[in-house]
Amino acid sequence: MKIYNTLSKQKEEFIPLEEGKVKMYVCGPTVYNYIHIGNARPMIVFDTVRKYLEYKGYDVNYVSNFTDVDDKIIKKAIEEGTSSEEVAQRFIEECKKDMADMNVRPATTHPLATQEIDGMIEMISTLIEKGFAYPAADGTVYFRTRKFAEYGKLSHKNLDDLQAGHRDIKVTGDLKEDALDFVLWKPKKDGEPYWVSPWCDGRPGWHIECSVMSKKYLGDQIDIHAGGEDLVFPHHENEIAQSEAANGVEFSKYWMHNAFLNIDNKKMSKSAGNFFTVREIGAKYDLQVLRFFMLSAHYRSPLNFSADLMEAAKNGLERIVTAAENVKRLAGMAAGEMNDTEKELFAQTDAYVEKYEAAMDDDFNTADAIAAVFEYVKFANTNVSAENSKAYLDAIYDRLKLLCDVMGIIIEKEAEVLDEEIEALIEERQAARKNKDFKRADEIRDQLAAMGIVLKDTREGVTWKRA
Ligand code: AMP
Ligand code: ZN
């Protein structure tokens, strides 16, 4: 399996640090509002990466944080006359609802920055002891960027170019030793949440949060660190500097970055105002459609959001779900084991699985994997009928479900069917039979079969059970 590594700018063979295990950290959202569908892209993409790694047999420890202390959260709390804690808690809950609706599985751990302050103070102290950081006169602690020789290795920037870029913004009276130094800890301002530290009452910088949470829940070295491509610089570059300077080992082996979700070829962002929240899209579409839309492009290709593409995703998804429902309905009425012809036919579907895996093994090419699923659906549509055995139909269905499950695409409607609903249908069927409307009676039997209900005619009347 190959993964494109931002560090080497190449696809590399994936070799985990520990056999059979993957430690993965994905930078999560800053929670001051509902998430927009741009924020949903890394969630959906890396949830799919996680699911595929599990499909390959890896045990994945997946950590994704919530940044719950930040200027934007504080600003929102002031506007609303409430606390930043309340704002963060509220939007964490809303974010979790959106994730569930997009079938994004909760992380193994979702750490909160505000609950990890001790670890941050500890790592900052280590960096100071090792000479990689220093407190300034006002209590701000800075990272001494030039001391970390490999600074720039992820974003492929060189320090002199960066320095040139900084020249204009070097403010007189700046307490930094060097324009490139970045903040690890900053003094509180009036009305802001703060924690006591050896340097001043204050709060952590954003970058140190992820270095610390990753270390605490996954250890000094991890396999995959991921996020949107806007995080490459400075966020991930700074995380590398902090973690590697403090821990003395390589931080993450693979760095994965998704490209942007755009509108009119511009990055969707809160600050630009050109965004749709996941909630807004959820009011118009099943969020499965959004998920399918996101996966219809390779994660490293920019994706333009449009109503047309959403309609295309809706139709594509419907094609898959309809095929699945048809196979399930037929299986509900069938019986028996596979005959030789069916065995031969089923063996032909191996080719689609191979195509699917080849696409996913090639840096998670979900676009090509979906194409393989469509080919499988086409095969299923032409090679199933009421003549087939239950074993064959079940096998065809299960395989389609497996391929879709990995991408988080739900093909079965798992709506709870109530007993009353079933009994009402059975009564209607009895009435139809009495009136010699056998067509309707059969339709109802099929409908019940598709719901997984098996009917049995007995001397006492019709009994039923869930298959
Ligand atoms: P933020 O809350 O801005 O830190 O963003 C949370 C995650 O969403 C990060 O991984 C960002 O890189 C990602 N992100 C934000 N906007 C977009 C976008 N328009 N397209 C893709 N990813 C995005
Ligand atoms: Zn981060």
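The values are calculated or read from the model by the stated rules, or taken from the named source; none is laboratory data. Everything numeric here is computed off the predicted structure, so don't read it as measured data. Cβ atoms come from the backbone with ideal geometry, glycine included; neighbour counts cover every protein chain shown.
Can you tell me how many residues in the stretch 249-283 are loosely packed, with under 15 Cβ neighbours inside 10 Å and without any contact (Cβ under 8 Å) to a residue 12 or more places away in the chain?
Qualifying residue count for the region: 6.
Return the residues of the stretch 250-271 that are farther than 18 Å from THR48 by Cα and not in a loop (DSSP other than H, G, I, E, B); say none if nothing qualifies.
Once the filter is applied, which keeps residues that are farther than 18 Å from THR48 by Cα and not in a loop (DSSP other than H, G, I, E, B), the stretch 250-271 yields SER252, LYS253, ASN262, ILE263, LYS266, LYS267.
Name every residue in the stretch 353-367 that is without any contact (Cβ under 8 Å) to a residue 40 or more places away in the chain and buried (at least 16 other Cβ atoms within 10 Å of the Cβ), in order of residue number.
Matches in the stretch 353-367: LYS355, GLU357, ALA359.
Restricting the first residue to the stretch 16-43 and requiring it to be assigned by TED's automatic domain parsing to the domain that holds ARG105, which pairs with a second residue that is of a type in the set (S, T, N, Q) and surrounded by 22 or more Cβ atoms within 10 Å (Cβ to Cβ) meet a Cβ separation below 7 Å and a spacing of at least six or different chains?
As it stands, the answer is TYR25/SER214; VAL26/SER64; CYS27/ASN65; GLY28/SER64; GLY28/ASN65; PRO29/ASN39; ARG41/ASN258; PRO42/ASN258, since those pairs meet every condition given.
Could you check, for the stretch 47-61, whether at least one of its residues is touching a Ser or Thr at 6+ places or on another chain (Cβ under 9 Å) and closer than 29 Å to ARG203 by Cα?
yes
All but one of (1) surrounded by fewer than 22 Cβ atoms within 10 Å (Cβ to Cβ); (2) modelled with pLDDT of 95 or more; (3) farther than 23 Å from ALA367 by Cβ hold for ASP70, so report the exception by its number.
All conditions are met except number (2).
For the stretch 334-352, what are the residues that are surrounded by fewer than 17 Cβ atoms within 10 Å (Cβ to Cβ), of a type outside the set (Gly, Ala, Ser) and either at pLDDT below 95 or closer than 30 Å to TYR4 by Cβ (or both)?
ASP350
For the stretch 219-239, does any single residue satisfy the condition of being without any contact (Cβ under 8 Å) to a residue 60 or more places away in the chain, in contact with a helix residue (DSSP H, G or I) (Cβ under 7 Å, 6 or more places away or on another chain), buried (at least 23 other Cβ atoms within 10 Å of the Cβ) and not assigned by TED's automatic domain parsing to the domain that holds PHE14?
No; the residues of the stretch 219-239 include none that is without any contact (Cβ under 8 Å) to a residue 60 or more places away in the chain, in contact with a helix residue (DSSP H, G or I) (Cβ under 7 Å, 6 or more places away or on another chain), buried (at least 23 other Cβ atoms within 10 Å of the Cβ) and not assigned by TED's automatic domain parsing to the domain that holds PHE14.
Name the helices (runs of 4 or more DSSP H) wholly inside the stretch 272-336 in which the number of residues that are among the basic types (Lys, Arg) is 2 or more.
278-284, 307-333
Within 11 Å of ligand 1 (Cβ to nearest atom), under 22 Å from SER8 (Cβ atoms) and not small (Gly, Ala, Ser), is that true of MET256?
yes
Just to be sure I understand, how many residues within the stretch 278-334 are among the hydrophobic types (A, V, I, L, M, F, W, C) and either over 23 Å from ALA386 (Cβ atoms) or under 21 Å from the mean Cα position of the chain (by Cα) (or both)?
Number satisfying all stated conditions: 19.
Within the stretch 44-53, how many residues turn out to be more than 14 Å from ligand 1 (Cβ to nearest atom) and touching a residue at least 40 places away in the same chain (Cβ under 8 Å)?
Count: 4.
Could you list, in sequence order, the residues of the stretch 127-143 that are in a helix (DSSP H, G or I) and surrounded by 16 or more Cβ atoms within 10 Å (Cβ to Cβ)?
Within the stretch 127-143, LEU127, ILE128 meet the criteria.
Pick from the stretch 377-426 the residues that are closer than 13 Å to ILE320 by Cβ and of a type in the set (Phe, Trp, Tyr): which of them is nearest to the chain's Cα centre (by Cα)?
The selected residue is TYR397.
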